[in-house]
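Accompanying notes for the structure given below.
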Amino acid sequence: EFVWALSKGPGIHWDRLGGTVFDIPGLAAGCMATERVMDAAGASVHPTQKPVALMRELVRLVDGTILDPFSGTGTTGVAATELGRPFIGIEREPRYFDLMCERIQQAYDQRPLFDNEPPAKPEQLEFV
């Protein structure tokens, strides 16, 4: 499955990448079982959930605010939060949107205590 990284402005910092193929240790099929979002019956909630480790590497490639227009369960938002980066996530499916908000809030709550500057508190906005 392809993951795209796009940037407006000065561009993507490909020099930070270190290659074009990521080897994420312990990655089986799709997403690591320990971070896969599951429903009450034990089934995967989202069919294309990405590993946080992969999205963390892609977030490091760009400066500024991270935008994910198809956020799903919020893996990109979790990675951005862990790295102290501003994030805007868009998801049209209410069940995924709610999970995204929960996961990003959990990541925010688990941030290190002694960061130089903590990220802004997550804020859920509604369309008018």
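Less than 5 angstrom separates the built amide H of VAL45 from those of VAL37, MET38, ASP39, all sequence-distant by 5 or more or on a different chain. Note on ASP63: accessible area is roughly 90 Å² with a 1.4 Å probe, heavy atoms of protein only. Taking all protein chains as they are arranged and a probe of 1.4 Å, the heavy atoms of GLU102 leave approximately 100 Å² accessible to solvent. Solvent-accessible surface (1.4 Å probe) assigned to MET38 amounts to roughly 100 Å². For ILE66, nonlocal amide neighbours, meaning residues 5 or more places apart or on other chains whose placed amide H falls under 5 Å from its own, are PHE87, ILE88.
The values are calculated or read from the model by the stated rules, or taken from the named source; none is laboratory data. As the structure is a computational prediction, the values presented were derived from the model and not from experiment. These accessible areas exclude ligands, DNA and RNA; they are computed on the full protein's heavy atoms, side chains included. Shrake-Rupley method; radii C 1.70, N 1.55, O 1.52, S 1.80 Å.
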